[in-house]
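The values are calculated or read from the model by the stated rules, or taken from the named source; none is laboratory data. Here the structure is a predicted model, which is why all the values come from computation and not from measurement. FYI the Cβ positions are ideal-geometry reconstructions off the backbone, even for glycines, and counts take in every protein chain you see. These accessible areas exclude ligands, DNA and RNA; they are computed on the full protein's heavy atoms, side chains included. Shrake-Rupley method; radii C 1.70, N 1.55, O 1.52, S 1.80 Å.
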Amino acid sequence: MKIAIITRHAITNYGSLLQAFATQKVIENLGHSCEIIDYIRFDELYSQHEKTLLKHKKEWNSNLVKKFIYLMLRQPESIAAGRRFEKEQHRYLNLTRRYNDPEELKKDTPIADVYMTGSDQVWGPIENGEYDDSYCLSFVKDESKKIAYAASFGRTEITSKLKDYYKKWLCRYQYIAVREDSAVHILEDIGIHAYQVLDPTLLMTINEWKKYMEPIKHSKYVLVYQLHNDKKLGKYAQKVAEAKRLPLVRISSSFHQFTREGKFVWCPTAGQFLSYIKNADCMITDSFHGTAFAINFNTPFVEVLPNNNTGTRNMSILKLLGLSDQVLKDDDNLTLAFKEIDFTIPNYKLEQYRAESIRILKKMTEA
C-alpha cells in the first residue's frame, strides 16, 4: 500500500520532526511505502512565522515601531532555526512536492491508497489561530480511504461550533486513533469511535533510535529542555544542577533562550538531540516529546507541567505508564530529581501498549 500522511512536520520543533519520522519508519516496517505531504502554508513558512504570530500579540502590534522591534528581535532567529530544521526534514523524511495552499492540495492531490492524518496537535488551531480542515483530509475524495494515527486536539474543551466542525470532517474517516484519553472522550461525545494509541516516537524502541543518535561533547550533566515561558522551570533546573554538582545544559531551537539558566546549545541536530536526552543524568522538561523520549530511553526526569493549560498530553502518557509521581508539585522538592526511577513496570507497560498500537496501525492500513 502507498500511504500519504499529512501532519505538522515542518514546525521548528524536535517533537514535530521526529514524530513524523517515526510514523514513516513504522509504516515502512509494516511493508508499506510512505510519503509525508509537504504541506506548509504560506503564513507558516519560517520566513513568515513571526509575522503571523505578531498579529495576535497586542502588546507588540499596537504601532509600527513596536512591530519593527519585535521582528528585528525574533525573525532572524526564526529564519535561522527554520533553515536548520528544513535540512533535517529533507534528511529524514520522504516528502512529496511542496504545497503552500489548501487549493493546491485539492487540485493536485498526492496519489495514494490510504490517506492518513498523522500525529501531534493536527486538529488544534494553526499558527494564525484558525483551523485548517486540510488536516482533516478535506482535500481527499469521499471514496478514498482515510485514517488517523495518534492525532491530538491539543486541548480538552471543545465548543459546540468546533464539535460541528469535527463531526463534519472526521465522520469521513474509516479509522481514527488518537493519542490522549481526553481525545477519545471528545470523539465519543460527537458519536465517533476512536482507539487510544501511543505517540509514534514510542513505537520505536531505544535500540531503533540509537541508530540515529550522533556524538555530543558533554559527558555528565543535567539537561533542561523547555518549550514554554515558565521561569520556575529554569530556576528549578539550576538548583538541581547545583545540588548534583553537575553542569546544566540547555538545548533549544529558540535562540532567545540563551539568556536563561544553563550552558546553551542552539539547534543541535535531531541525532544530537536524541543523544542529549539519552546521556543526561537527569532531564527537567515541560515538553511532551521530551518526556516521551526520557521514558523510552529510561532517562531520569522531572516533569514541569506547562503553564498554559496544554499539559493534558503530558499527564496522559505519565498516567498510562504509571509515572505521574515525576510531576513537580513543589519547586523546592529536589529529592524528585535525585530519586532513582524504577522503569521496570513502565517498560513492561510500554512494551504492551507498543505492540497493541502497532497492531491497530496495521489493521488500519490494511486494504
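Things worth noting here:
- When region 104-138 is filtered for residues that are over 19 Å from T52 (Cβ atoms) and of a type in the set (S, T, N, Q), the ones remaining, listed by number, are T109, T117, S119, S138.
- In region 83-121, the residues that are assigned to a loop (DSSP other than H, G, I, E, B) and more than 16 Å from N13 (Cβ to Cβ): N94, N100, D101, D108, T109, P110, I111, A112, D113
- Top-ranked residue in region 72-96 [being modelled with pLDDT under 95 and in contact with an Asp or Glu (Cβ under 6 Å, 6 or more places away or on another chain); ranked as surrounded by the fewest Cβ atoms within 10 Å (Cβ to Cβ)]: Q75
- Criterion (closer than 19 Å to E104 by Cα, under 20 Å from the mean Cα position of the chain (by Cα) and not polar (S, T, N, Q)) met by exactly one of I11, I5, I27: I5
- Looking across region 157-210 at every residue that is in a loop (DSSP other than H, G, I, E, B) and within 30 Å of G271 (Cα to Cα), the one that is most open to solvent (accessible area, probe 1.4 Å) is identified as T205.
- Subset of region 2-44 [open to solvent by 10 Å² or more (accessible area, probe 1.4 Å), touching a Ser or Thr at 6+ places or on another chain (Cβ under 6 Å) and more than 17 Å from P200 (Cα to Cα)]: K2, T12, D43
- Elements of type strands (runs of 3 or more DSSP E) in region 229-347, at least 1 residues being closer than 24 Å to I11 by Cβ and open to solvent by 10 Å² or more (accessible area, probe 1.4 Å): 263-266
- Comparison of I341, I345, I284 shows that the only residue that is out of contact with any strand residue (DSSP E or B) (no Cβ under 9 Å at 6 or more places or on another chain) and of a type in the set (A, V, I, L, M) is I345.
- H49 being touching a residue at least 12 places away in the same chain (Cβ under 8 Å) and loosely packed, with under 15 Cβ neighbours inside 10 Å: no
- Residue in region 55-66 that is open to solvent by 40 Å² or more (accessible area, probe 1.4 Å), among the aromatic types (F, W, Y), more than 24 Å from R179 (Cβ to Cβ) and not in a loop (DSSP other than H, G, I, E, B) present: no
- Among the residues of region 234-255, those identified as free of Cβ contacts under 8 Å to residues at least 40 places away in the same chain and out of contact with any Lys or Arg (no Cβ under 9 Å at 6 or more places or on another chain) are Q238, A241, E242, R245, I251.
- With respect to (1) open to solvent by less than 20 Å² (accessible area, probe 1.4 Å); (2) within 25 Å of E366 (Cα to Cα); (3) assigned to a loop (DSSP other than H, G, I, E, B), the lone exception for G124 is condition (2).
- Pairs linking a residue in region 146-168 that is within 23 Å of I36 (Cβ to Cβ) to a residue that is open to solvent by 20 Å² or more (accessible area, probe 1.4 Å) and charged (D, E, K, R), with Cβ atoms under 6 Å and 6 or more positions apart or on different chains, are K146/R172.
- Any chance K51 is assigned to a loop (DSSP other than H, G, I, E, B), at pLDDT below 95 and more than 17 Å from the chain's Cα centre (by Cα): no
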